[in-house]
Every structure is written in structure tokens, then in C-alpha cells.
Amino acid sequence: MQKPSLLADLIDIQAQIAHDQPHDRAQLQQRDRAIGIGLPSHHNAAGKPADNRKNLHDLRHWIKIVRQQSADAGNRGATFSGDSVQQSVNITLFVLWLGGLIGGWFLTQTVLHYDGAQPLNLINSLLVLVGFQLFMLLLLIIFAAGGFDSISTTVAIFNPAAIVVRLLRKLHPSGTPIFTTRLTAALPTGAEFTTRRLLVYLGQHFTVAFNVGIIAALIYLVTVSDLAFGWSTSLKLDTDTMYRWLHRLATPWNTLLPLASPERELVEASRYYRLQSQLQNSPLDPWLLATWWRYLLAAIVTYGLLPRLLALLICGLSYHRAIANTIMASPNASQILARMRAPLVTTNRNDCHARRQTTAPPAAMRQRRPNAMLSCQIIEWALAQPKQRVSASQLKAANIQPQQFFAAGGNSSIRQDQSVIARLAADSPTAVAIVVKAWEPPLAEFVDFITELRLPLAADCAVIILLLPLADSVVDAQQRAMWATELARLNDAKLYLQALQCP
Amino acid sequence: MPLARIPTFAIVGHPNKGKSSIVATLAQDSAVDIAATAGTTVTPRAYPMQIDGKTLYQLIDTPGFQRARAAMEWMQGKGSEAANRAAVVRQFVAEQRDNPKFSAEVQLLDPVINGAGILYVVDGSKPYGAEYDPEMEILRWSGQPSMALINKISDNDYTQDWQSPLSQYFKIVRAFNAQSASFERQVQLLTGFAVLADDWYAPLQQASSALIQQRQQRLNSAANRITDMLVAMLQLVEVSPLAPAADSDNNANITTQVYKYQQRLKTMELSARAEVEALFNYTDIDRLENPLTTLAEDLFSQRSWKLFGLNRAQLMTTAIISGVATGSLFGIGGGVTLLLGATLGAVIGAASVWYGSEQLVDTKIKGTPMGGHQLAVGLVNNPNFGWVLLSRAVTHLTHVLNRNHARRDALQVPHIENHHNAIVTAASLSTKQRQQLESIFAKARNRKMLDLKQLAQIAAVVSELAGRNRQA
């Protein structure tokens, strides 16, 4: 399978970047890291700055794999149109080459149309076949002097490739984008110059083909017919001057191809006047006049073909560099490279976290509103530390009249807890208050204790949970809610919650 | 008990002491279930730290002890010789596995008997109590390497209260605030784990290095994302077709388009902020921020038309060149001098475009309009705009860098007046950086594509500014 071109890769990379936007970042990381691991090791060093060549290589490798994965998945990913755009470019290139060859051929056939009546005017042939091309090349150089980006759309009108593009726009049904539109649409902002460079590059193909057509036609005519060249002008131009000009023009090939450089005698013998219908010095060997074809051919190659080949090379390099830079400067390109190169570090679970089973909210916990003093047995739960004991003033403020104090929980053993329950049961209290640390959550062992406590007590015995605040603090709403939620599950009509005040 | 092959740490302790917050912070996972109510974690969950699929260590979030005294009494009933204690703990887990009474204890001890190290978490903002002794004793009986973390959940400080009792049970005691610990403190803690067991030293060191590298990569990616956003917003132009209508209708249309443009800018910034947060693994966090505002008078809007895809200036230039060529032909063929022919051609060509082209806009050829009117809104031509965007993005990034994954409150991006913030940001850079950035912004405002070096310069400034402002 043919390797996709740089242009195709550019378009497909932009399409994939757009397609990836809404996707989960973790998935993209995994995908791209898997691709990156497949890169040769010298590309894969994370943290080391890679040069542009490596970056481009890696991005092209990335899109190649992503395309494959998309194809394997039944093309459910981004729409890759890079290949079709490249095909459109190739077709345009073919048309330009064909047009150039045909144009050059027929122009030469026209300019060198020889019926034997008068020799072919060398000056006219040089001006049309070489001079005009030099003029167009000069225009290109002038406009490109400010950089390829300064070649505006205006000049592009004279570009053969731009003409083909305009024709395609007219021929396509309304709304169908042609390849330049699709390329421009795929480019990030500010990269419109890439399309211009493509058109200039394609235009150079036409001009190269044009010159090849000219050369082919000239060789054909020289081979299948006899041509005779002379020179004729209304300007006051003597033979010596003409010889000097022609000789200077032949400077590039004088040494390499001396046969293609004219002698003074030939220049002198080739002048003719149409009114006289004869050569200046007639008769002359027609074969000698025909030898001008070598000069003409050398001039076309030197001043027509070779400069355009050079322009083609420069424009081609410029165009490909523009594409490459556009790929690398694309938004998110650096992120793709980072995802490929950096080791995938994960520190969290990928699956959903199991949430606590939500059950119906328990009935609201009864809050004790101390209207009158209540006489209670007091249990201090896990309050062994002296600084954490409940004070008499706190109990008084809570309208609690303590009868006896018991200790449970904390570093008491379970047997000791059971012993406390037994003693309380023996006393048959009307109310029991359990002082707990408000800041500590109610554990299952506390709930066990409450449940066991309730069993021997009378059904109408109130059990009041007194929330003890930290020193210099109050019981806040969160602490109250924490205790209320847990104790409400007991569904005990005689279980109450009350916050003690700050000591 | 033998150690697990992969360093494994069971985060254990009383309920509601911040165990899950510790896990969220160390695992950099804001999805860890943290709630103010006790008992949120009901089943153990493992958080493996992996590099390219290879696990370097794992954290296990466990439910809190619920019946530590009863469990301890069970174990003590089986014998208390030091040599047998670890086996007794294993026996407890094996025999009580199906007993719902001890489900919490079994679940939190299971990873421990399978070789996990112990990270025992207490709340340093609450005082020590004797009720903690049984669970600490159970953990000591397991014989596994252990560390105690004093995690201050609120403002009170009882850290000193805890030092003595904890050091009696644990090899290492460290203070670590899960909600405010910086990234560097987190890595420090991880390195501290490495001393618990010699076999775990190498993978934990490798993990620390990988996390540091990941942090830097995230910062680079965030800087690149901000750069992309900046450039896109500086270059944003929205073009819409304008149907032939009365001026008053068109004015209303312009107002609508300007509003839409402003909304688009806001959306671009919000989208970039969300992506930056996602880079640091903050998904679905609430954000309190002042939205980006742009004044309508700062926007460049232009009503223009295009004919043959060319605007007026381009058409005139074309006409001039064509006129020169045509005039030249006339000059050659008609006996008029070359220069005069070319000049006349240029003038005629330009004049015809100037006076006649507007009429052609509405003309159709085979039903296809030759041209049309369009409205272009944008760019924001306030020269400070780039600095405003930069300073806002850096402020947001700094707050993301300073946040950690145990927090559940909204990310509060402070309200700083945009232009003041922009000035402060610009002033904090060197003269050279400021000039470089200004020329890059100017190039972007001219809708020229920035080269790789320029993009890297913006990203470097973003990283530098964000790095300066983050807490150690």
C-alpha cells in the first residue's frame, strides 16, 4: 500500500485532533502511549527535547496507526480524507503536466511554423520561447522576494494551478469543496499560506512541463523537417552588436557546448530583409542556417527549463516544509507527542467507585429539649482522659441531675461494659445519659452497647446521648448530624440526642 | 508475615479520620469517595500506581475499625506470645471472614495479612483517646512495617498529644495534612514509605521519580494547551454572511454577532480551563471565577464583500495588472506607444472595479451569486488582550497546581481586575521576555501562523509564571 503523502497526513491529523476533542483524556493517553511504545527507542525518550525531524516522524507514525485502528474498528473514528485530497492534487498535477506539454508543443509549432518563404526569425523565437518565460519568472521572484506568504491571491490568478482550481470550482456542484478548500478548511488559523504554497508549487510543474513541451516540439521539428533561422529587425543593429548580444546570451554553455554558440560569420550571414526577400549575403548553405536550432535549444534549456526546475525544487521544498511545520505547530500536536513519549503513570482506579448503598433515610432522631431537670444515671463512654471528662456545670446546664457515674467503652473491656449494664438494670433507672465525645463517630461497638443496654431497661426508660464538645468548642451541626444519622437507625422511641455546652 | 512483592500500603484507622482523603491525595484521584459522614468507605479499594501498566506500588483504602476491642479480646483469647501474634491475626481473619460483626476488621486486616504495610491515620485536630489503643495493638500484632500519619482535619492542633502514644506502636510517625499537602510533600511522604522495608526502596524511589516527571509533563501539557488557547483567541474572527437588508436590520445583526463572538471567547477560555484541570486529574470540579469580558468597542468588525472570492483591493490590483497587459497589446497592435497603452489599461481596469464591482456582487450567473456581503467580527484589537488572557490562564493554572485531590470545595479562582492582573504579569517578566511576548502577540493579532519557537516561548513563560506562584 502506498505510503500516504505529507499532505494526506496533515489533513488526517487535523481531522483526528478534532475528533479526539470531546473524548476521555485517559483513553487518549492509553491509546497514544500504546502507539508511542511502538516507536524506536531513540524516539521514545520522554523528557528529552526531540528535534523537528523526529517530531514529524512520530506524528506521521501516530496518524498511520490511528488510521489502521480506525479501519480495523470499521471506520467508526474520524473521517480521513487526506488520501482523496492527495488524489485530487495528483489529478491536478497530471492535468497541469498535460496542459503544459501540449501548450509548449503547440506554441513551438506556431512560433516555428516554417513554409520556406522566409527564414524563421531567431529574435522572435527567442523572445517568445525564452524571453516571455524569463519575464514570468522575474515576476515570481519579485513577488516571492517578500517570502512565499506575500504571493497574494492576485498574482495567483496568473498561476496555471490557480486557473485549474477556479475551473474546478465552476465545474463542481455547488457546495462540493475542491481540494484547496478542503486543505484550507483543515489548516489551523494563520496557515492559509500553505494552500498558496501548494498552488505556486503546482504552477511550477506546469511551467516545467511547458518547457519540456517546447523542447520536445523543437527536437521533433528539427528531426522531421528542415528549419532555417535568420534574424531580422527594424532597429539599427549591426552584425557586431548582434553577435556580441548573442554571444553573451550563450555564456552559460559556451564552454560546454561550443557547437551551440554562433560564429560571427553565421550571425552576419543570417541577417535578412523581408522586402528584399533574400538574405544579406546570399546564396548560403541552408544547412548552416539550420544550425541555429542548437543555439535556440540551449537557450530554452538554460533560460527556460533549468530555472523552472530550480523554482520547482525551491517551491517544492518550501511547500513540504510548510506542510511539515503546520503539522508540528498544530494545536494539540505537542500534546500528542507528550502522550506518546511520556510513560503512562496512573495512580487511580479506572472503574467506578462503589457508593454506599443509599437506603431510605431513617426516622429523625429525637432531640431532647430540657424543660425540667432530669435525674439520670450517667455513663461516660471512652472518657478516661481527665481533660475529656464531663463537668458538673455542663450537666447542670443540660438540666441533667447525675445520680451515679459509670465508665464504659474506651479502654474498658467488654466484660466491664456488660457489668455496667447489669448494675444499671438492677437499679431500674427512669433515665440513663451516656456522655460521648461529639467529635468521634459512633462506632458499631457503641451501637452494640446501646442495643444491649436497652434490653434490660424498662420500655419507658429514656436513654439520652449527651454530645460532649471539645474544650473551648461547641458541638457543631455536622457532629450532631453524624450522631443523629447513626442512632436513628436504632429506631428507638426513647432514644434522645442532646448537645452539651462548651465547658 | 512476608511482605507483598509489590509495595502495598493499607490505609487503616478509626472512621472519619481522613483515610480516604490521604488516598485521594496520594493517588491524585478526586473521585475517591470522601464524605463528612463516617463510614463512607465500606469495602477496601486498591489504588495501584502504574507506569505503562507495570504496578510500582498500591494504596488500599479500608473501612475504619468498628469493633476493635472485641476483635482484640478475641485475639488475646488465642494467646499473646509475641511469636504467635501475627498468626493469631491471620487466624482471626480466616475464622471471622463470614461473621458480619467483624466485617470491617476482616476487610481492613486482609491486605495486611497479605503483606501490606500499614499506614495508620489519626486526626491531629482531635485529642488522643484510649479507645484507639485496641486498634493500634491489633496492628502491632500483625508485625507488618507501619507508619502513623497525623492528619489535621480542622484547625485545632493536638499533634503533640498523639506523638507519644503513636510512637509506642509505630516505627515512624509523620504529620501530613491530606487537604493542604503540596505535591512536593506528597512525594516526600512516598519516599518516607520507602524506609519501611528495604525491598520496597527501589520501586518506591522509581515511583517518586515517575510522579515528579509526570508532574512536569502535566505542567508542560497545560502550558501548551494554554498557548493553543491564547493563539486561537487572539486570532479569532467570526465571519457570517449578511443578506441584503436595511441598515437598521444590519445593525441589529451586528450586535447579535458581536454578542455571539464574546460568548465564543468565553467558551474557549472555559474549555481550556476544563482541559487544564483534567490534565491534573480534576474532573467535574466546581469553579468559582469571574468570566472573561470584552468590550464591544475593542472588537474589530467589518462589513465587506467578495467578488470571485476576492476583496476590492485584490480585484483592483488584478484589474491593474490585466489592464497593463491588455493596454500593452493595444499598444503593440494599434500603433499607440507601449507605455501609454499600459497606463490607460491600468486606469480603466481600476476604475471599472471601483465603480462597477459593487453592482456585480448581487449579480448571479446561472443561479450562483457572483459575490455576496459578509460580516466579520474580530479580532480583539486591544493590545492588552494577550496579556489579559495570559494572566488569567496563569492564575487559574497556579490554583490548580496548589490544589490537591482531597479537597471537595469549589476551585476558587480569585477575582482580580483583568487589566491590573495583566500589568502585574507583564511587569513580573524580564524586559526581553516582555518584548518577545509582545511581538508574538502582535504577530498572532495579524493572523500569522506562529512558528514552533514562538509557541514554545509562550509555553515557557506560562510554566515559569505558574511555577513561581505555586506553594512549596
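Read the figures in this text as sums done on the coordinates, not as results from a lab. These figures come from a predicted structure and were not determined experimentally. Note that each Cβ is placed from the backbone with ideal geometry, even for glycine, and that neighbours are counted across all protein chains shown.
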Revision key, fill the gap. For B:D451, B:D161, ascending order of other Cβ atoms within 10 Å (fewest first) is B:D451, B:D161
Review point. Distances over 19 Å make up what percent of all Cα-Cα pairs in the range B:1-137?
Key: 52
Review point. Where does the range A:197-253 land on Rg(C-alpha)/(2.2 N^0.38 Å)?
Key: 1.66
Check your understanding: Hey, what angle do you get for helix A:132-144 against the long axis of chain A, alpha-carbon based, 0 to 90 degrees rounded to 10?
Key -> 30
Study note, to complete from the structure: In terms of the alpha carbon gyration tensor, root eigenvalues a ≥ b ≥ c, rounded if a/c is under 1.5 and otherwise prolate when a/b exceeds b/c or oblate, the range B:128-201 is oblate
Study note, to complete from the structure: Each residue of B:125-134 has, on average, a number of other protein chain C-beta atoms within 10 Å of its C-beta equal to 6
Revision key, fill the gap. Percent of all Cα-Cα pairs per 20 Å bin for chain A, counting from 0 up to the last occupied bin, reads 17, 24, 16, 16, 11, 9, 7, 1
Exercise for review: Can you put A:I11, A:I219, A:I434 in order of Cβ neighbours within 10 angstrom, beginning with the fewest?
Suggested key: A:I219, A:I434, A:I11
Practice item. Would you pull out the residues with amide H under 5 Å of A:L344's amide H, same chain only if 5 or more places away, H placed 1.01 Å from N? Key: B:D52
Check your understanding: Simple spin-label model, 7 Å along Cα-to-Cβ: B:A46 to A:H320 in nm?
Key -> 5.2
Check your understanding: Over all residues in B:228-235, what is the mean tally of Cβ atoms on other chains that come within 10 Å of each residue's Cβ?
Key -> 3
Study note, to complete from the structure: Given a Förster distance of 30 Å, the FRET efficiency implied by the Cβ-Cβ spacing of B:S80 and B:D198, rounded to the nearest 0.05, works out to 0.55
Review point. Shape call for the range A:70-139 from the C-alpha gyration tensor, a ≥ b ≥ c root eigenvalues: rounded (a/c under 1.5), prolate (a/b greater than b/c) or oblate?
Key: prolate
Exercise for review: For the range B:205-214, just list the computed ³J(HN,Hα) in residue order, Karplus coefficients 6.51, -1.76 and 1.60, θ = phi - 60°, integers in Hz, with x standing in for Gly and Pro.
Suggested key: 5, 4, 5, 4, 4, 5, 5, 5, 5, 4
Review point. So if R0 is 35 Å, what FRET efficiency would B:Q205 and B:D110 give, r being the distance between their Cβ atoms, rounded to the nearest 0.05?
Key: 0.80
Revision key, fill the gap. In nm, the gap between the two label points placed 7 Å beyond Cα toward Cβ at A:L171 and A:F106 is 1.6
Practice item. Label the range B:162-236 by shape, choosing from rounded, prolate and oblate, from the square roots a ≥ b ≥ c of the eigenvalues of the Cα gyration tensor; if a/c is under 1.5 it is rounded, and otherwise prolate applies when a/b is larger than b/c, oblate when it is not. Key: oblate
Check your understanding: What's the extension gain from A:R244 to A:L127 if we count 0.36 nm per residue and subtract their Cα-Cα distance?
Key -> 40.4 nm
Check your understanding: So what's the back-of-envelope 222 nm ellipticity for chain A, counting only DSSP H runs of four-plus at -39500 (n - 2.57) apiece and dividing by all residues, rounded to 500?
Key -> -16500 deg cm²/dmol
Practice item. Mind sorting B:H396, A:H320, A:H172 by how few other Cβ atoms lie within 10 Å of their own Cβ, fewest first? Key: A:H172, A:H320, B:H396
Review point. Under 5 Å between amide H atoms, partner at least 5 residues away or on a different chain: which partners does A:Q403 have, H built in plane at 1.01 Å?
Key: A:C376, A:Q377, A:I378
Review point. Do the alpha carbons of any pairs in A:K3/A:K54; A:K437/A:K494; B:K101/B:K152; A:K437/B:K152 sit beyond 23 Å of each other, and which pairs?
Key: B:K101/B:K152
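What is the mean number of Cβ atoms from other protein chains located within 10 Å of the Cβ atom of each residue in peptide B:451-461, rounded to a whole number?
For peptide B:451-461, the averaged partner shielding equals 2.
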**Study point:** By average C-beta atoms within 10 angstrom, highest first, the peptides A:244-257, B:136-149
**Key:** B:136-149, A:244-257
Exercise for review: Taking amide H positions as placed in the peptide plane 1.01 Å from N, state which residues far from A:A78 in sequence (5 or more) or on other chains have amide H under 5 Å from it.
Suggested key: none
Practice item. Determine the percent antiparallel among the DSSP beta bridges restricted to chain A, to the nearest 5. Key: 5
Check your understanding: Which of the lysines could a cross-linker span from A:K170 if the Cα-Cα distance has to be under 16 Å and same-chain partners fewer than 8 positions apart are dropped?
Key -> B:K364, B:K366
Practice item. Please compute the Cα-Cα pair-distance distribution of the range B:65-222 with 5 Å bins starting at 0, giving whole percents from short to long. Key: 2, 8, 15, 17, 17, 15, 12, 8, 3, 2, 1, 0
Revision key, fill the gap. Computed ³J(HN,Hα) along the range A:468-481: with the Karplus parameters 6.51/-1.76/1.60, θ = phi - 60°, integer Hz and x for glycine or proline, the list is 8, x, 5, 4, 6, 9, 10, 6, 8, 4, 5, 5, 4, 5
Check your understanding: Once Rh is set to the Kirkwood radius over Cα pairs, what Stokes-Einstein translational diffusion coefficient, in µm²/s, holds for the range B:49-104 at a temperature of 37 °C and a viscosity of 0.692 mPa s?
Key -> 244
